[in-house]
Every structure is written in C-alpha cells, then in structure tokens.
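Notes to accompany the following structure.
The values are calculated or read from the model by the stated rules, or taken from the named source; none is laboratory data. Everything numeric here is computed off the predicted structure, so don't read it as measured data. Heads up, the Cβs are rebuilt from the backbone with ideal geometry, glycines too, and the neighbour counts pull from every protein chain shown.
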Amino acid sequence: MSRSSAVFLTLAVYSTLVLVIGAWASRRTHDTDDFFLGGRRLGPIVAALSQAASASSAWTLLGVSGAAFAWGLSAIWILAAVLSGYVLNWFYVAPRLRVLSLEQGNTTLSQVLGAGLGERLRPRVMRSASIIIVVSFVFYVAAQLQAAGHAFGAGFDVSPEGSVILGTVIIVGYTLLGGFWAASVSDCVQGFMMVVAAVVVPLIAIFAAGGFGPLWQGLAALGPESVDIYGGREGVVALAFVLGVMGIGLGNPGQPHVVNRFMALESQAALARARWIAIGWIAIVLAGMLLAGLTARVLFSGLPDPEQAFFELANRLLPPAFAAITIVAVLSAIMSTTDSQLLVAASCVTVDLQRSPDGGLVTARVTVLVFSLIAMLLALYAPESIYSRVLFAWNAMGAAFGPLLLVRLTGKRVRPGSTLGAMWAGFLLTLLFYLLPDSPGDLFERVIPFMAALGIALTGGERRRDPDRADRAETTLHDRSAI
C-alpha cells in the first residue's frame, strides 16, 4: 500500500469515528449547558484527556519538535514551562474554579470574571472579554487549520488550500452535531493517538540515530549551543531567555477552552484523579516531541522548515501505514484544540453577549460556522508560523484573563474598573510586544503583560466572599446528582 493510500484510509476511518461520536453526542445535547459544559457530568478520564489534548494543539507536536530542531537542548525549558502551568491549573485553579462556577451558575470564564460587578459595568466587562477571546481565537484556529494543511500535504498530494478546507469541514461537522460532548469524547481518542505518536516516532528515530550516545555526539558535533540548556546564551541574556520561555506556563489559567473542562467536572473526586492523568499525559507527549526534534536535528540538519521535523521523521523512518497514523495524530492534535475553541467562541456570542443567559442552540451553531469560515480564510490568505501565531494568542488570553482569575479564586472581588484595566492591559501589552522585535525568550511578550495585569488585579481587589457558600455550592451539586 502506498503512503497516500494508507493516509487516506486511516483518515477516512478516523473521520468516520469522530462524526459517529458527534452523532452520538447530539442525542445528549438538549440545551446550552449541555452544548458548552456537557451538563457538568465529565468523568476523570474524559476530563483529563480532553483538557490536555485541547490545551496541546498542533503546537505541541509541530511547534515543540520544531523548536527542539531549531534551538537544540535549550528547548527543554518548554517542557518545564508547560508542566509548571499544568500543575498550577490542576492543583490551584481547577478545584476552586469548579466550585465557584457552580456556585454562580456560570458556564463561561467571562461570566466568572464578570460576576458581582454590577449592572452598569458588567456588560462592558463581558463585551471586552468576548472581543479578546474572539480576536485571539481567530488567530489560534487559523494556525490549527494551517497546520492541517501541513499534515495533509505531508500525507498525499493535496494542495494546501484543499487541505485547509477539508480539515475545516471535518472539525466543524462533529462540533456542530454534538457540542461539548462531541469535543470532549473525541478529544479522548485524539489524546490517545497523540501519545502513541509521541512515543513511537522518537523511539524509532533514536534507534535510527544509533542510540542516545550517538545522538548526543551528533548534537555536540553541530555546535556547543546544541547541547547547552541555555543555547549558548550567557549572563542576563540567558536569564531573560529562561524567564521568557517559562512565561509560557503563566498563560495556562487564562485559556477559556482549557479551564472550561474544570467547570464541567462531575465531582472533586473526579478532579483528583484527572489531574494526574493530564499531567502524566503532557509530560510524555512533550518529552517525546523534544526527543523527536533533537533527533531530526542530527539526522536531517538541512531541513528548511523546522516545523516539518516530525513529519520528516515519520515519512522517512516508518512504513507507510505507521506514517499515516502519525499524520492523523497531528490532525488529532489540531482537531482537539480547534473544536474546543470553536465552542468557546460560540459561547461568547450565545451566552456572554446575549441578554438571555440561556442563549440558543441555533445561534451557537451558526456562530461556530461563521467563526470557522473567518479562521479558514485567515489560514488561506495570511499564513504565518504556527509556533508564533499560537503563542501570541496563548499569551494574549493568558495575560488578559489569568491574573484576574487567580485573584478571583483567592476569594476577592476585583472592582469593575480594575477588572477592565487588567484585562485590556494584559491583552494590549501582549499585542504591543508581539509587534516589536523579539526579546530573549520573548520575555517582554510573555511575562511583562501578565505581571502588569496581575498588579492591577491585586491592587483592585476587595472584600472576601462568604467561605460557606462554596460548601453550599458543593452540597447543591450532590443534591442535583441525586435527583
């Protein structure tokens, strides 16, 4: 069987599976609470894998392996950054956000941040949050669709334009059918495929390189910066690089498509089990991608595009059938993030911007369709580095929402003016530093906006909420489950 035939067959089977999941999930989707949060009935395995897969995206497989190919061993700081962000999210944010969102009856991150701000300024906060989310997600989703073009191009002779369009149709299809349930359950399948690819491809590549010893020697032969965790940087520049890369982890609490899994968990017990599954999953995937990029740096040092390193390993070292699975694994990474982001973008319009808190399923599905079309056009006619585009959106939302959420979860209410100030300061400073020349590790873009927004949120905090309300909210959840 040729490589193109193997990819086509594997993709056909996989696409059929996710569409079947969408059809099944549509039978469980009766209102917007089901469409956006799965009725708050997510178990630990589904929650962990769907959260990890939706947070990872094509950036994890293509971007991280590409960074390791381009930087050498210094890309290991990406692993440290992402793991620290996961620990912060699962051990601090998740348990508090789940109870707080239930207590307030909220289904979106914007509603959580806008709660208790009064009728005059709350709409402004909701509109501001929705604008930031929609703008960021347009770029984020466009990057995913662009990555889909790379994946199809690596599999068989399809034009990038046709690849982007086909990927959009598949993703939108099952998301429209089943909403959050379809996204979460299909993310479990996608998460499994990603971890298999992240284990198999690097192991085969290391074997092809002759083992870890020859791999290290090959890296050293390319220059001392390849085996230096600072990439040959020294002094203040090295410190700025490390802080900048570690700043990626700061963005985790501010990602609406990630933290909504915490709001959807069925219980605190499910959360306690889910956190270890998610952290273990991301550690395996990131370690695999770092090894893949480093091995490709030795075996195929002349690649013009670092983000093709993973595909090159799969295509050159694996039989066609196994190479097809790795290509579909990349498509899985794309789909697992894109479906969640489409749902969050739809919730901004359907729930956050409408006066009725219930929104409407028809409006939600139309929003998904229109948003997908805009992102597809951006992917087709304004291509850019996947790594750069994803991290801009990640940093922008992380700085705009993360500091506010962290302060809010301490039990403090941030005053309306400070909420707006922190939100826009984080977003606009990220945009400013994104447009300016890069600093080492993009320190200015990833750390300064977050710290500025955090300072505004902390100085604008006031009044602790009643601590007994969290216990009452948990009791209410158990009462609902018993009905």
Under 6 Å by Cβ, and 6 or more places apart or on different chains, what pairs join a residue from the range 368-381 that is in contact (Cβ under 8 Å) with a residue 24 or more places away in the chain with one that is assigned to a helix (DSSP H, G or I) and surrounded by fewer than 15 Cβ atoms within 10 Å (Cβ to Cβ)?
LEU380/GLU161
Out of all the residues in the range 447-463, is one or more among the β-branched types (Val, Ile, Thr), modelled with pLDDT of 75 or more and not in a helix (DSSP H, G or I)?
yes
Which condition number does GLY247 fail, the rest of (1) surrounded by fewer than 23 Cβ atoms within 10 Å (Cβ to Cβ); (2) within 30 Å of VAL135 (Cβ to Cβ) being met?
(1)
Can you tell me which residue in the range 362-387 is nearest to CYS348 (Cα to Cα), limited to those that are at pLDDT below 75 and in a helix (DSSP H, G or I)?
ALA364
Scan the range 309-322 and report the pairs whose first residue is at negative phi and whose second residue is aromatic (Phe, Trp, Tyr), with Cβ atoms within less than 7 Å and a gap of 6+ or a chain change.
ALA309/PHE69; GLU312/PHE300
Taking the condition surrounded by fewer than 23 Cβ atoms within 10 Å (Cβ to Cβ), farther than 18 Å from VAL199 by Cβ and of a type in the set (D, E, K, R), does ARG275 pass?
yes
Residue count for the range 426-443, restricted to those that are in contact with a Gly (Cβ under 9 Å, 6 or more places away or on another chain) and closer than 23 Å to ILE131 by Cβ
2
Residues in the range 427-434: is at least one in contact with a Pro (Cβ under 7 Å, 6 or more places away or on another chain) and either under 24 Å from ARG98 (Cβ atoms) or touching a residue at least 24 places away in the same chain (Cβ under 8 Å) (or both)?
yes
Within the range 96-120, the residues that are closer than 15 Å to SER267 by Cα and β-branched (Val, Ile, Thr) are VAL99
GLY359, sole failed condition from (1) in a helix (DSSP H, G or I); (2) at pLDDT below 85; (3) more than 18 Å from LEU62 (Cβ to Cβ)
(1)
Can you tell me how many residues in the range 172-204 are at pLDDT below 70 and β-branched (Val, Ile, Thr)?
2
Out of the range 403-415, which residues are part of a helix (DSSP H, G or I) and either closer than 22 Å to VAL135 by Cβ or among the β-branched types (Val, Ile, Thr) (or both)?
PRO403, LEU404, LEU405, VAL407
Test VAL138 against the stated conditions and say whether it is at pLDDT 65 or above and either touching an Asp or Glu at 6+ places or on another chain (Cβ under 8 Å) or in a helix (DSSP H, G or I) (or both).
yes
